[in-house]
Structures are given as C-alpha cells and as structure tokens.
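Read-outs throughout are calculated quantities, based only on the coordinates presented, and are distinct from any laboratory measurement. Note that this is a predicted model, so its numbers are computed, not measured. Cβ placement follows ideal geometry from the backbone for every residue including glycine, while neighbour counts extend to all protein chains displayed.
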Amino acid sequence: MLAIGEFSRMTHLSVRTLRRYHEAGLLEPATVDPATGYRYYSAEQIPAAQIIHRLRELDVPLPEVKRILGSPDPGARGALVANHLRRLEAELDRTRAAVASLRRLLQPEPAPLAVELRAVPATTVAAIEDDVDVDHVIAWYAGAMAELDALVGEAPGAPGGLYDNALFEQGRGHVLVYRPAPEPPRGGRVRPVTLPAVELATTTHAGEHDDIEVTYGELGAWVVANALAVVGPVREHYLVGPRDTPDPARWRTEIGWPVFGVAAL
C-alpha cells in the first residue's frame, strides 16, 4: 500500500487534491486507517489517477469525470471524452477567431479597402435554401454544399451564398447556397433558383473566415461613406476556399453588398 504522499508523487496529484477527490467519491483510497484516518492507495489505482489528472487538465468537470470513470463500457467512456473534446475544439475556434479579429482591428493603419461596384444579371443556379440559426450556419452550409457538389458534379464556376439581413440582426434568417450549372438539376433539397439582377458593392476577403466580420465592417463603412442605400441579402462568392485548397492563406471570399441610389462617388 502507498501512503498518500507517495501516491501524490507518483501521480502528480497534490495531497490536497487527492483528499478532495476522495470526498467527492471520485478516487477513493484502497483503505483508510480507522485509528489515524490516514489514506492508503494501491499501485493499481495509479492509471485511474493519471486519467483523472489528464481529464482535469482538459477542464472536464468533476461530475463528468466521475461518469467517465464509472462507465463499464470502454465505448461509452470514449464517447464521453470525445464529446468534451469537441466542445474544447469549438472553444478554441472561437478564441482563434476573436484573436484574428482583434489583430486586424488593432492595426494602426489598416490597408485601404479595394471596392468595386458591379451590376450582376439575373442568373439561374442550383441552390439549397432554408431558415437557419446563425450558430448553425457553418454546419448547415457544409451539408448543403456537399449535397450540391454530389448533384452538380464538375460544372464550372465558384459557389456562392445569399444571407438574409435577419440572420445578422436577429440571429436567424434565410440562407441560400448555390452552384452555377448550365442546366441546374433538381433532386433532394436541390432545385433551380433564379437569383435576381442586382447592383453590388464588392470586396474580397483574403484568408480564412475567422476575421471576415472585419471585412464586412470595412465594406459597410465604405458603403455608408459613399452614400449608398443597402437593399437585399448580402452575397458571398467563394472564389477560392477549402474545396479548392487546404491552405487558408490562399482562400478568397468575395463579399457583395446589394446597393442602389448612388449619391456621391
């Protein structure tokens, strides 16, 4: 049997932490001396202690750690850990996005924005559309685009999307993603949709989408500065993206702000 100090050195869990885990029913000693109250552990408990240590380093809450250790099914234990890892990855993505945005916003002299005014004719495309919560847009987009790719195949032209104003203003709105196609097919959720003619103020966002809202803000400021009235859903055109290259530095997303009423340019 190992005294609590010895067990602490072997597992890198402090004596205080081991006592707390005992009180929580998470890692109970093999035996407790009834006369002295001293805790003793067995060598067989070392792997469990090390698992607890790693899970806590990943900020797994104590009740969930207890559930993981208490599950007799290795598959169930793995699923519980995987769920927490997915939550951590989502938190890391949000942190990375915030850092990227702050770096751009804190630049002393941001590069001037290149904006082009363009008239886009009505176009019939293969599209999928639905009302989507803003938190679910990325997952919805991935599924919709995979379905479009499977049906449209190798037709030329970059994909795009239309994003209703309510998505940004209220957290839920209409989203449409599309693939150009000479003869847009119909199947599953895919159907031909004619995008109306529109005048756009456009700019291109370079790189991954972690800080794309900064480019949105810069384009919006340009539109206001040039006395343009904004109408209709924002359009995105994915010139180069994850479908084309795994290198985020090469991604290019064109943002098109529907406008009319040019007062001063």
Quick one: net charge of VAL125's neighbours, Cβ under 13 Å, K/R +1, D/E -1? +2
Estimated inter-spin distance, TYR40 and GLU57, nm [label 7 Å along Cα→Cβ]: 3.1
Please arrange PHE260, PHE7 by counting, for each residue, the other beta carbons lying within 10 Å of its beta carbon, fewest first. PHE260, PHE7
Positive-end residue of ALA229, ALA150, ALA139, charge dipole of segment 116-260 with Cβ unit charges: ALA150
Cut-off 13 Å between beta-carbons: net charge of the residues surrounding ARG250, Lys and Arg +1, Asp and Glu -1: -1
Hey, rough spin-label estimate for HIS174 and ASP93, points 7 angstrom out along Cα→Cβ, what's it come to in nanometres? 2.7
Using a basic spin-label model with each label point 7 Å from the Cα along Cα→Cβ, how many nm lie between ASN83 and ARG186? 4.2
Give me the percent relative contact order of segment 116-260, please, defined on Cα pairs under 8 angstrom at least 6 residues apart. 30
In the neighbourhood of VAL190 defined by beta carbon distances under 9 Å, the net charge of the other residues (Lys, Arg +1; Asp, Glu -1) is +3
How do ILE138, ILE52 rank when sorted from fewest to most other Cβ atoms within 10 Å of their own Cβ? ILE138, ILE52
Going through segment 19-58, which trypsin sites (Lys or Arg not before Pro) have at most 13 other Cβ atoms within 10 Å and a DSSP loop state? none
Over segment 150-200, relative contact order from alpha-carbon pairs under 8 Å, at least 6 apart, %: 33
